[in-house]
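The values are calculated or read from the model by the stated rules, or taken from the named source; none is laboratory data. Predicted model, so just to flag it, every value in this text is computed and none were measured. Quick reminder, even Gly has a Cβ in these numbers, built from the backbone with ideal geometry, and neighbours come from all protein chains shown.
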Amino acid sequence: MEAEYGLFIDGQWASPPGRARFETTNPATGERVGSFVAGTADDVRRATAAAARAYPAWRETPPPKRGEILLEVARRMRTAKPELGRLVTQEMGKVISEGLGDVQESIDFIEYMAGEGRRLFGETVPSELRSKFCLTVRQPKGVVACITPWNFPTAIPNWKIAAALITGNTVVLKPASATSRCAAEVVRLYEQGGLPPGVLNLVTGSGSVVGNALVEDSHVRTVSFTGGVETGRDVYVRGARGLKMVHLELGGKNPVILMDDADLPLALDGVLFGAFGTAGQRCTATSRLIVHEKVYESFLNLLTARLDRFPVGDPLDPKTGMGPVASADQERKVLEYIELGKKEAKLRYGGEKLRGGAYDRGHFLRPTIFETKHGSRISMEEIFGPVLSVIRVGSYEEAVRVANGVDYGLSSSIYTRDVNLAFRAIQDLEAGITYINAPTIGAEVQLPFGGVKNTGNGGREAGSVAIEEFTEIKSVFVDFSSRLQKAQIDSETAS
Ligand code: UN1
């Protein structure tokens, strides 16, 4: 199934002569998935120049017209969903229901943003003077750089692209190398949907070459980045030198609090999905389970018994619960954390690479559970794999202290039947997202997405606020008094 791709610049797919290439592989089988151009700083310059040239006409295209193109892209993506969802699974390793879900999230978001083309609301605001009208309008920023991770190979590029485009920006996309084919197929759908040349460009390649060149490019006004904390910090610093807006969506160490009055079977399903869905490789993954001591043993017994019947294997098989982790690199990092966990905590389940038969061709790990104390490294650092740290607590107050006692704050959850406690948790949990009686994953696109502390730098994606990342606000004062009126100077007394 291997396919060769070029860069997409100014409406043309091309492989510039002399460029090195790289490949992506299926993490379940080791088979090649695609071959791509290793972009250079020169490719980035050509892409941003094309985006800058396309900008004036795109900016003047009425937003509802831009929305029509987005709707056409969404329509085509719906038709392509079975194939594209399968590609997500083949290139990234998430199980097929989640591969299709990744594409569905893309469709939902593009449709949502298409509708934004008929809103893009500003404000009307009273004036302190007579015969004067005040309002705000939203304007695009210009050329936007979108740098996206491998864990949501279609959804996250679309979160960024669709929001940037509807607001009138032009885009250069630099996807994670490991899922370049998914990104290229997404870009192709935008091309087929009727986007003018240069409005969306794709430069594949490494973060250190393509990513850095993009962040430092003088055409680029805004950088939208989703990825790890350390890379995000570096992107922020590089962008700061050019006084750019840098939007960061970074890691998580998301807790589920399980209270003693919780519906345990419901929580069991939620914890399994939250911790081991996408093999734990979501920024929203449940990586800490904070359990009230009264239900601690009984819940862990239920959980480990369920894991005995939780099939890990071929992600294309609809019966599989968890596929491989996304790459050899990812496998190595997670196994390092597992080894660390064996030293500093009590291994309760799993803790190993799966071997034998088809497992030997891919990066399969057993779902892993550690019993640990708050403060151990495995309970504080983002692992981004199928590893759950379980922490015993004696009260709601202690649970919240533990939940908030990390550097991240993306998603959070509490299972309780006590409505007062649920509302207290909404108030108390330091996170951008709180779920009540539901797992930490699966945010819907029409709500803001993002977090506090090291999870980001304050912005939000998705929901109607997503457009803030990609627009400048202009304040407009219309004076229809036909004379000079002076604000802040008392016009009743001034001569
Ligand atoms: C991510 O892991 O970076 O809420 C995004 C969720 C998904 C998005 C996750 N809708 O789990």
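Of the residues making up region 252-268, those that are surrounded by fewer than 24 Cβ atoms within 10 Å (Cβ to Cβ), in contact (Cβ under 8 Å) with a residue 40 or more places away in the chain and not hydrophobic (A, V, I, L, M, F, W, C) are D261, D263.
When each of L202, L173, L189 is tested for being touching a residue at least 40 places away in the same chain (Cβ under 8 Å) and buried (at least 24 other Cβ atoms within 10 Å of the Cβ), the lone residue that passes is L202.
Picking from P386, P367, which residue would you name as being within 16 Å of the ligand (Cβ to nearest atom), surrounded by 18 or more Cβ atoms within 10 Å (Cβ to Cβ) and under 21 Å from L268 (Cβ atoms)? Before the answer, list the steps.
On the way: P367 fails: within 16 Å of the ligand (Cβ to nearest atom).
Of the residues listed, the single one that is within 16 Å of the ligand (Cβ to nearest atom), surrounded by 18 or more Cβ atoms within 10 Å (Cβ to Cβ) and under 21 Å from L268 (Cβ atoms) is P386.
Taking the condition touching a residue at least 60 places away in the same chain (Cβ under 8 Å), surrounded by fewer than 16 Cβ atoms within 10 Å (Cβ to Cβ) and more than 16 Å from the ligand (Cβ to nearest atom), does R119 pass? Yes. The listed residues are E381, E397, and the only one of them that is surrounded by fewer than 22 Cβ atoms within 10 Å (Cβ to Cβ) and free of Cβ contacts under 8 Å to residues at least 12 places away in the same chain turns out to be E397. A search for C-beta distances below 7 Å between a residue of region 105-116 that is assigned to a helix (DSSP H, G or I) and any residue that is away from the ligand (no atom under 13 Å from the Cβ) and among the basic types (K, R), counting only pairs 6+ apart in sequence or on different chains, returns I107/R78. For region 1-59, the set of residues classified as of a type in the set (K, R) and outside any helix (DSSP H, G or I) consists of R19, R21, R32, listed by residue number. Within the option set I166, I147, I161, I156, being within 16 Å of the ligand (Cβ to nearest atom), out of contact with any Phe, Trp or Tyr (no Cβ under 8 Å at 6 or more places or on another chain) and of a type in the set (A, V, I, L, M, F, W, C) holds for one residue only, I156.
Pick from region 439-455 the residues that are within 11 Å of the ligand (Cβ to nearest atom) and either surrounded by fewer than 18 Cβ atoms within 10 Å (Cβ to Cβ) or among the small types (G, A, S) (or both): which of them is nearest to A275 (Cα to Cα)? Steps first, answer last, please.
Start the filter on region 439-455 by keeping residues that are within 11 Å of the ligand (Cβ to nearest atom), which leaves 439-445, 447, 449-451, 455.
Next cut, either surrounded by fewer than 18 Cβ atoms within 10 Å (Cβ to Cβ) or among the small types (G, A, S) (or both) only: 442-444, 447, 450-451.
On the way: G442: 12, A443: 15, E444: 18, L447: 22, G450: 19, G451: 19 Å.
Ranking the candidates gives G442 first.
Is there a residue in region 113-131 that is closer than 30 Å to I489 by Cα, over 20 Å from the mean Cα position of the chain (by Cα) and hydrophobic (A, V, I, L, M, F, W, C)? Please lay out each step first, then the result.
Here is the first cut: in region 113-131, the residues closer than 30 Å to I489 by Cα are 122-131.
Next cut, over 20 Å from the mean Cα position of the chain (by Cα) only: 122-131.
From what's left, hydrophobic (A, V, I, L, M, F, W, C): 125, 129.
Yes - at least one qualifying residue is present in region 113-131.
Take the conditions (1) within 20 Å of R282 (Cα to Cα); (2) in contact with a helix residue (DSSP H, G or I) (Cβ under 8 Å, 6 or more places away or on another chain); G409 misses just one of them, which is (2). Among the residues of region 240-251, the ones that are part of a loop (DSSP other than H, G, I, E, B) and either in contact (Cβ under 8 Å) with a residue 40 or more places away in the chain or in contact with a Leu (Cβ under 6 Å, 6 or more places away or on another chain) (or both) come to 2 in all. Candidates F480, F470: the one that is surrounded by 18 or more Cβ atoms within 10 Å (Cβ to Cβ) and more than 16 Å from the ligand (Cβ to nearest atom) is F470. Taking into account only those residues within region 414-438 that are in contact with a helix residue (DSSP H, G or I) (Cβ under 7 Å, 6 or more places away or on another chain) and within 13 Å of the ligand (Cβ to nearest atom), which is farthest from S379 (Cα to Cα)? By that ranking, first place goes to A438. Please work out which residue is surrounded by the most Cβ atoms within 10 Å (Cβ to Cβ), limiting yourself to region 88-98 and to residues that are of a type in the set (A, V, I, L, M, F, W, C) and part of a helix (DSSP H, G or I). Selected residue: M92. Here Y408 clears all of (1) crowded, with 24+ Cβ neighbours inside 10 Å; (2) farther than 20 Å from P149 by Cβ; (3) in contact (Cβ under 8 Å) with a residue 60 or more places away in the chain except the condition numbered (2).
Looking at R309, R282, R355, which is the one that is within 29 Å of the chain's Cα centre (by Cα) and at pLDDT 95 or above?
Numbers: R309 fails: within 29 Å of the chain's Cα centre (by Cα); R355 fails: within 29 Å of the chain's Cα centre (by Cα).
Only one candidate qualifies: R282.
Within region 387-400, at least one residue is over 27 Å from E31 (Cβ atoms), of a type in the set (D, E) and at pLDDT 95 or above. Restricting G101, G85 to residues that are without any contact (Cβ under 8 Å) to a residue 24 or more places away in the chain, in a helix (DSSP H, G or I), under 21 Å from the mean Cα position of the chain (by Cα) and within 27 Å of L248 (Cβ to Cβ) narrows the list to G101. Residues of region 287-324 that are closer than 20 Å to R348 by Cβ, touching a residue at least 12 places away in the same chain (Cβ under 8 Å) and in a loop (DSSP other than H, G, I, E, B): F310, G321. Of the helices (runs of 4 or more DSSP H) lying entirely inside region 382-480, the ones with 3 or more residues being over 16 Å from the mean Cα position of the chain (by Cα) are found at 396-404, 419-428.
Hey, any hits in region 292-310 for a residue that's closer than 22 Å to G442 by Cβ, more than 16 Å from the ligand (Cβ to nearest atom) and touching an Asp or Glu at 6+ places or on another chain (Cβ under 7 Å)?
First pass over region 292-310, keeping only residues closer than 22 Å to G442 by Cβ: 299, 302-303, 306-307, 310.
Keeping just the survivors that are more than 16 Å from the ligand (Cβ to nearest atom) gives 299, 302-303, 306-307, 310.
In the following step, the residues that additionally are touching an Asp or Glu at 6+ places or on another chain (Cβ under 7 Å) were identified as none.
No, region 292-310 has no match at all.
Checking the conditions here, which among T284, T278 is within 16 Å of the ligand (Cβ to nearest atom) and part of a loop (DSSP other than H, G, I, E, B)? Step through it out loud before you land on a result.
On the way: T278 fails: part of a loop (DSSP other than H, G, I, E, B).
Result: T284 is the single residue among T284, T278 that is within 16 Å of the ligand (Cβ to nearest atom) and part of a loop (DSSP other than H, G, I, E, B).
Considering only residues that are in contact with a Gly (Cβ under 9 Å, 6 or more places away or on another chain) and more than 15 Å from G205 (Cβ to Cβ), look in region 26-39 and name the one that is surrounded by the fewest Cβ atoms within 10 Å (Cβ to Cβ). This residue is G30.
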